[in-house]
Structures are given as structure tokens and as C-alpha cells.
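The next block holds one structure in the form of C-alpha cells; read it before the comments.
The values are calculated or read from the model by the stated rules, or taken from the named source; none is laboratory data. The model shown is predicted, which means the values in this text are computed figures rather than measured ones. Positions of Cβ are backbone-derived with ideal geometry, glycine not excepted, and every protein chain shown enters the neighbour counts. Just so you know, the surface numbers come from the protein's heavy atoms only, side chains and all, with ligands and any DNA or RNA stripped out. Shrake-Rupley method; radii C 1.70, N 1.55, O 1.52, S 1.80 Å.
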Amino acid sequence: MNIKRRKKTSIAIIDDHRLFREGVRRILEMENDFEIIAEGSDGTEVEKIVIEKNPEVILMDINMPGLNGVEATRRLISQYKNVKVIILSIHDDENYVTHSLKSGASGYLLKEMDADSLVEAIKVVADGGAYIHPKVTHNLINEYRRLATTGEKMISSGFRDVEYRKPLHILTRRECEVLQLMTDGKSNRAIGEILFISEKTVKNHVSNILQKMNVDDRTQAVVEAIKNGWVYVS
């Protein structure tokens, strides 16, 4: 019987800190589905790497001495629409996230991420999704709520004041718990520890939540949950 092997996701790492690049490389080389095909230390190198190596996913540092990650991503996406970029940053401020996403990035990860989050993000983005670090998602949601409270112009449709209620008409009680913890900015591992379930089970719950809510990623799920009054936001 012939077993069809899944094509490895090709990855380029662009970061001016060599030790950080090496650490990321070591983590990703442990995954059978990934292949590191290029490295760079400046945003000016990215286009050449794309032309010569054609990576599917680029891990891009946001702060680099020559050309920063946001501008490098903007230039890259304008020329190569199929390239997927995940921004790596030490900043959890929503302004950095907003500028990164507007540049065309498909993901935003804090450098304090654990290995599982990095692997999960790459898989999600490689499959055409978007991934934002849970801590950053929580900050974005708080900013949206602040804008709604002050009446300022919002990036997306406005939140309305609604009474809190669990969405038991579409989600199970366990999925409601997972959705609340997603809103609190918890990672899959943290959710598993809190609910005393495996991380694999958490991933299954998250997948079911996205499907039932008809959204593409965690961020959209959390935004919709808040807009509908399905979760508490502290």
C-alpha cells in the first residue's frame, strides 16, 4: 500500500539575532512537517530569499536594523501575494499588531511564545488561516471595547451593549468554557491545564467552535463572542 506523504512546509527565518534564529530553527527542525530553507538577518534580504528559495511561510522579526519587518512585509506582499508572513515581536501593544496586519502579515507572535504556539501558528498560517498570539488578542479586544465605550471610530463593526449569556444554542458547555478562556488570552496549553484536559482535546474544541461560529480563526471567534455578549471581558 502506498502512503501519500504530506509535503513539508518550507520556512524562512528573518531575524537579526543569530541566537534567536538558532533557537527557532532547533524547535522547528523537530517537526517532520517543516523544512527550514533559508535564514536572513535583515528585511532587505527577504525579496532575494523569496525569489531564490520560494518559502511558503516567513517568520519575520518586527525590529531589524536595515528594513523593519512591517515595511519588509508590506513590500513583499505587494509583489508576491502567495507569501505568508508571521511577524515575531516583543511588543504586545495593539498598534504594532494593527500595523503588522495592515502590511499583509498573516500572523503575529510574541517572542515569549512557547514552542507549541510557534508550531501551531505556522501550521494555521500555512493552511491559509491567521494566527495572533493569545495575549495580543486579549489586548486587541480590550482596545475594541474601549473604542466602543468612548464612541470613537472602530476598525470593525461596533459592539453593542447586550446582556451576557452563554451561546448554548450553538456550543456545548465545555466549548463555552473554552471560548471564555480564549477571550481571556489563554493558550491551548493553558486552557488544558485550567480545565484538566489534554491540549489535543482543547484543539478539537477550538476547531469545533470555529466551525460552529462560522469564523476562520480564534480572533474572529473572540470578537464575535464579545459582540454577541457570550463572554465576559475583564
Scanning the range 169-186 residue by residue, those assigned to a loop (DSSP other than H, G, I, E, B) and either open to solvent by less than 30 Å² (accessible area, probe 1.4 Å) or not basic (Lys, Arg) (or both) turn out to be 169, 170, 171, 172, 184, 185
Pull up the range 91-109, narrow it to residues that are of a type in the set (A, V, I, L, M) and either crowded, with 23+ Cβ neighbours inside 10 Å or at pLDDT 90 or above (or both), then point me to the one that is farthest from residue 226 (Cα to Cα).
-> 105
Can residue 222 be described as touching a residue at least 40 places away in the same chain (Cβ under 8 Å), under 15 Å from residue 167 (Cβ atoms) and of a type outside the set (Phe, Trp, Tyr)?
-> yes
Does the range 110-129 include one or more residues that are within 11 Å of the chain's Cα centre (by Cα), under 12 Å from residue 70 (Cα atoms) and open to solvent by less than 30 Å² (accessible area, probe 1.4 Å)?
-> no
Can you tell me which residue among 189, 160 is open to solvent by 40 Å² or more (accessible area, probe 1.4 Å) and either assigned to a helix (DSSP H, G or I) or modelled with pLDDT of 65 or more (or both)?
-> 189
Of the residues that sit in the range 111-142 and are of a type in the set (Lys, Arg) and touching a Leu at 6+ places or on another chain (Cβ under 7 Å), which one is modelled with the lowest pLDDT?
-> 135
Those residues of the range 207-234 that are closer than 23 Å to residue 112 by Cβ, surrounded by fewer than 20 Cβ atoms within 10 Å (Cβ to Cβ) and of a type in the set (A, V, I, L, M, F, W, C) come to a total of 1
